[in-house]
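Worksheet: one structure, shown below.
Nothing in this text is a laboratory measurement; each read-out follows from the coordinates by a stated rule. Computed from a predicted structure; not experimentally measured. Positions of Cβ are generated from backbone atoms using ideal geometry, with glycine treated the same way; all protein chains shown enter the neighbour counts.
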Amino acid sequence: MTGRLVVLGIDPGTATMGYGVVSSVPGGMARLAECGVVRTRATSTFAARLGAVYEGVCELIARHQPDAIAVEGLFHGRNARSALLLGHARGVVLLAAGQAARPVMEISPAEVKRAVTGTGSAGKAQVSAMVTRLLGLATAPSPADASDGVAIALTCLMRMQPRARLGTGMPR
């Protein structure tokens, strides 16, 4: 692929959904366009929380018109209730992407860690520090869910443009 690519990375959740929008320009440089979180009200019904996640994703798609949407996949080790809740949030994200006719890339947490830090067992702080360094940011994306969304978007971008150069300090 050539030219500018825009990737929306999503760290799904029903209480807090992290996101990051990363774009590339010709030559493969990556830049952070936006990151943040969509928070839902703890007092809302579960259906209302899923609705808020859906609306947040739809708004991000409309605003950034991403070429692809990357969603963190489920990982083993969570309890069944947490996995089920996360699955609902992922489903809402996949629905929004499908309705917008955007391709979706599901990426495991270990793959995100490996792509960004070089090891699949990196902690959140290490991932955040590398995202900051790779994109040449003055400060780390905050909160951690937003940083995770950016890391997911970066991983997708690296898959789409294997020779992408991240940050200003990386050699050509």
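Tabulated data
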read-out: Highest to lowest packing among 104-117, 40-53, scored as the average C-beta count within 10 Å; value: 104-117, 40-53
read-out: Among G20, G56, G120: highest mean-square fluctuation, GNM of the chain, C-alpha pairs under 10 Å; value: G120
read-out: Only Lys, Arg (+1) and Asp, Glu (-1) charged, at Cβ; the range 17-145 dipole about Cα centre in debye; value: 320
read-out: Of S142, V37, Y54, farthest towards positive along the dipole that unit charges on Lys, Arg, Asp, Glu beta carbons give the range 30-164; value: S142
read-out: The chain - share of DSSP beta bridges that are antiparallel (%, nearest 5); value: 60
read-out: Karplus-derived 3J(HN,Hα), 6.51/-1.76/1.60, for each residue of the range 82-96, Hz, glycine and proline x; value: 4, 5, 5, 4, 5, x, 4, 5, 4, x, 5, 5, 5, 4, 4
read-out: In sequence order, calculated HN-Hα J values of the range 127-137 (Karplus, 6.51, -1.76, 1.60; Hz; x Gly/Pro); value: 4, 4, 5, 6, 4, 4, 5, 4, 9, x, 7
read-out: Local net charge near A70, Cβ-Cβ under 13 Å (Lys/Arg +1, Asp/Glu -1); value: -3
